[in-house]
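Presented below is the structure to which this report refers.
The values are calculated or read from the model by the stated rules, or taken from the named source; none is laboratory data. Please read all numbers here as calculations on a predicted model, not as lab measurements. Ideal geometry is used to build each Cβ from the backbone, glycine not excepted, and the neighbour counts take in all protein chains shown.
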Amino acid sequence: MKRRAFLQMTATLAGMLPLSLRAREEMRARARVVIVGGGFAGATCARYLRRLDPDIHVTVVDDQREYLACPLSNWVIGGVGSMTRLRVNRAGLTRAGVEQIRGRVEAVDGVGRQVTLAGGRRLGYDRLVVAPGVDFKWGSPEGYDAEAAKRMPHAWRAGPQTELLRDQLRAMKNGGVVAISVPAAPFRCPPGPYERASLIAHYLKQHKPRSKVLILDANDKFSKQPLFLEAWEALYPGLIERISVTEGGAVRRVDVKTMTLHTELEDHKVDVANVIPAQTAGRLALTSGLAEDSGWCAVDSDTFESRRMPGVHVIGDACIANPMPKSASAANSQAKNCALAIAALVNGAAPGSPSLHNTCYSLVAPHYGISVNEIFQVIDGKITVVEGSGGISPLSAAAEFRAREAAYDRSWYQSIVADSFG
């Protein structure tokens with residue numbers, strides 16, 4: 001009897017062991033990560049989560065059928081690129097095993113750990129990643145809203161606005177004035193307005209040489225300023241004028257009917273007005289309480305977990321990650337480190353300290369590129385630049401060097417799209 005009982009107990013334990021292993025695997029498989037936003041930040045995070053731990057169920061929610069990438073939108077405006085280059089296919093996410101839902105997240109329940117989509121559908125999560133990009137502060141400058149943007153395009157979101165600004169330049173008379181209103185920092189893509197001015201000047205030089213680009217700037221300094229100024233002097237003498245905030249360049253009010261931009265010191269009546277409004281974190285960050293009073297989201301620098309809502313991570317343009325800029329490259333880097341942190345956390349491990357980077361190319365002319373690169377680390381909870389790790393294009397470089405950087409710009413774009421979207 002003892003022998004029979006022992007054999008029965010042994011058989012029972014043997015049967016329990018695989019069940020226990022299966023139960024543990026099922027627990028890991030039940031780890032659910034929902035990512036709101038399928039741009040550079042959200043898509044990268046999704047792909048790398050699946051790569052780091054295929055047992056994690058990853059869902060990306062985005063309300064756009066296709067993603068239109070911003071980095072080359074200035075090329076379209078300046079006539080050196082096409083809209084086709086901006087269209088990014090998200091099929092790589094599906095190949096990576098990421099569930100994709102087309103919809104709009106309306107609410108975040110941080111306590112119940114679920115999000116609610118327009119229409120009422122709810123998705124539960126163990127970890128939530130919010131990558132909403134930026135939104136606009138309509139009314140800054142005064143008089144500028146979504147309706148005004150139909151006549152004075154911002155073109156700061158790739159798509160119809162990009163084409164509208166491009167078409168307005170084509171229709172403008174030779175001798176016209178194109179104004180670019182730059183908001184006070186921070187805003188997405190710090191060198192973007194100045195690259196745009198450069199490529200618009202390139203177009204005007206070829207087709208409407210009596211015209212002018214006027215930059216009305218709410219800032220005193222800007223990214224890669226010495227490099228841009230050197231390039232403008234060499235390539236576009238007399239074509240580009242910039243008025244800084246100290247010189248009275250900040251646009252306070254716009255008059256769409258008369259095509260006038262009003263600053264504190266002067267009124268500028270122009271032919272084409274590219275008004276880039278002040279920006280905040282995307283709508284969901286504001287409505288869900290993730291954003292600070294500044295309009296941006298404070299996060300833990302090691303994990304990008306929100307300081308206001310546990311279990312929720314904010315990456316990309318919406319988060320406060322100073323001194324990292326709000327760029328596609330920075331978003332890609334933050335997303336990878338966020339994925340590493342989440343993969344550790346859902347498996348009960350401690351996340352490591354991230355290494356972050358940013359690479360930013362600007363095209364000044366089709367064969368003239370400039371760039372800046374930086375590596376960042378987290379010290380005492382703060383993101384800091386690693387001393388001596390970065391680099392910026394040299395001044396007074398040979399034409400050959402500038403042409404190589406322009407080629408690297410094109411290669412960088414192909415690489416980051418492939419890395420982020422597959």
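How many residues does region 138-170 hold that are of a type in the set (A, V, I, L, M, F, W, C) and under 23 Å from Ala365 (Cβ atoms)?
The number of residues fulfilling the criteria is 5.
A residue that is farther than 18 Å from Phe187 by Cα and either in the same structural domain as Thr162 (by TED's automatic domain parsing) or aliphatic (A, V, I, L, M) (or both) cannot be found anywhere in region 313-327. Residues in region 281-301 that are among the small types (Gly, Ala, Ser) and loosely packed, with under 15 Cβ neighbours inside 10 Å were compared, and the one that is farthest from Gly381 (Cα to Cα) is Gly289.
Kindly indicate the residue of region 343-356 that is under 21 Å from the mean Cα position of the chain (by Cα) and buried (at least 18 other Cβ atoms within 10 Å of the Cβ) and also nearest to Cys70 (Cα to Cα) among those meeting that condition.
Leu356
The set of residues from region 259-280 being buried (at least 17 other Cβ atoms within 10 Å of the Cβ) and either assigned to a helix (DSSP H, G or I) or among the charged types (D, E, K, R) (or both) comprises just one member, Asp271. Just one residue in the set Val76, Val115 is of a type outside the set (S, T, N, Q) and within 18 Å of Ile315 (Cα to Cα); that residue is Val115. Does region 193-208 include one or more residues that are touching an Asp or Glu at 6+ places or on another chain (Cβ under 6 Å) and polar (S, T, N, Q)? Within region 193-208, not a single residue is touching an Asp or Glu at 6+ places or on another chain (Cβ under 6 Å) and polar (S, T, N, Q). Looking across region 183-204, not a single residue is more than 16 Å from Phe228 (Cβ to Cβ), outside any loop (DSSP other than H, G, I, E, B) and under 21 Å from the mean Cα position of the chain (by Cα). Given Val178, Val182, Val134, which one is under 30 Å from Gly38 (Cβ atoms), in contact with a Leu (Cβ under 8 Å, 6 or more places away or on another chain), modelled with pLDDT of 95 or more and not aromatic (Phe, Trp, Tyr)? Being under 30 Å from Gly38 (Cβ atoms), in contact with a Leu (Cβ under 8 Å, 6 or more places away or on another chain), modelled with pLDDT of 95 or more and not aromatic (Phe, Trp, Tyr) holds for just one of Val178, Val182, Val134, which is Val182.
Filter region 81-122 down to residues that are loosely packed, with under 14 Cβ neighbours inside 10 Å and closer than 30 Å to Asp167 by Cα and give me whichever is modelled with the lowest pLDDT. Among residues in region 81-122 that are loosely packed, with under 14 Cβ neighbours inside 10 Å and closer than 30 Å to Asp167 by Cα, the one modelled with the lowest pLDDT is Asn89.
Restricting attention to region 348-386, the residues that are of a type in the set (Gly, Ala, Ser), in contact with a Leu (Cβ under 8 Å, 6 or more places away or on another chain) and not in a strand (DSSP E or B) add up to 1. Contact map, region 48-65: first residue free of Cβ contacts under 8 Å to residues at least 60 places away in the same chain and within 16 Å of Arg127 (Cβ to Cβ), second residue assigned to a strand (DSSP E or B) and not charged (D, E, K, R), Cβ cut-off under 6 Å, separation 6 or more or different chains; pairs are Arg50/Val58; Val58/Val33; Val60/Ile35; Val60/Gln100. So which residues in region 57-86 are β-branched (Val, Ile, Thr) and assigned to a loop (DSSP other than H, G, I, E, B)? Result: Val80, single match.
Which of the residues spanning region 205-251 are part of a helix (DSSP H, G or I), of a type in the set (Asp, Glu) and surrounded by 15 or more Cβ atoms within 10 Å (Cβ to Cβ)?
Within region 205-251, Glu230 is the sole residue that qualifies.
Evaluate region 399-409: report whether one residue or more is closer than 30 Å to Arg50 by Cβ and in a helix (DSSP H, G or I). So far as region 399-409 goes, yes, one or more of its residues are closer than 30 Å to Arg50 by Cβ and in a helix (DSSP H, G or I).
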